[in-house]
């Protein structure tokens, strides 16, 4: 990679495929009768903590099942091109589970297949009730989506991530937890 590839994104519109996939998920879950769709009027105000990008639009899917949690698609922009960043969240208020792309530069672009796979995995984890979000404060967070997880600011001095996730899934976590049941 050349250094200049780390600072450019000459075609941000290529990431609009993420918004199209979010729309496809929205339509599918609605048509299956699993969720009611809400176009959010205050997209910045639905998050527990801002997702790290300026969200200019959002759709919240309210599951029909009462003990399941809502799925949120927040939309932002790269270089002022709308619909090129997707933030996937869950809960009410929503916690951010994934931001796609995490970097839009040419050097970090591995292609749309990888991004769509991550998006699909997160949506499936929310809909099947396999996701869990643990917030230990001070920016220390863990997101579990089935068998995989990601952690922010989680150091080795604390409990192992797997133990924290197991406690959260069992309802025994001392931290703030967002999780829900399967939508069906």
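The values are calculated or read from the model by the stated rules, or taken from the named source; none is laboratory data. These figures come from a predicted structure and were not determined experimentally. Quick reminder, even Gly has a Cβ in these numbers, built from the backbone with ideal geometry, and neighbours come from all protein chains shown.
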Give 90, 35, 107 a once-over and let me know the one that is touching a helix residue (DSSP H, G or I) at 6+ places or on another chain (Cβ under 6 Å), within 19 Å of residue 142 (Cα to Cα) and either at pLDDT 95 or above or surrounded by 13 or more Cβ atoms within 10 Å (Cβ to Cβ) (or both). 90
Name the pairs: first residue in the stretch 49-61 and touching a residue at least 40 places away in the same chain (Cβ under 8 Å), second residue surrounded by 19 or more Cβ atoms within 10 Å (Cβ to Cβ), Cβ to Cβ under 6 Å, at least 6 apart or on different chains? 51/87; 51/96; 53/76; 53/85
Just for the stretch 1-32: of the residues that are in a loop (DSSP other than H, G, I, E, B), out of contact with any strand residue (DSSP E or B) (no Cβ under 8 Å at 6 or more places or on another chain) and farther than 27 Å from residue 92 by Cβ, which one is modelled with the highest pLDDT? 11
Counted residues, the stretch 130-148 - those being more than 20 Å from residue 48 (Cα to Cα) and either at pLDDT below 95 or in a helix (DSSP H, G or I) (or both): 3
Only one of these is within 10 Å of the chain's Cα centre (by Cα) and outside any helix (DSSP H, G or I): 96, 76. Name it. 96
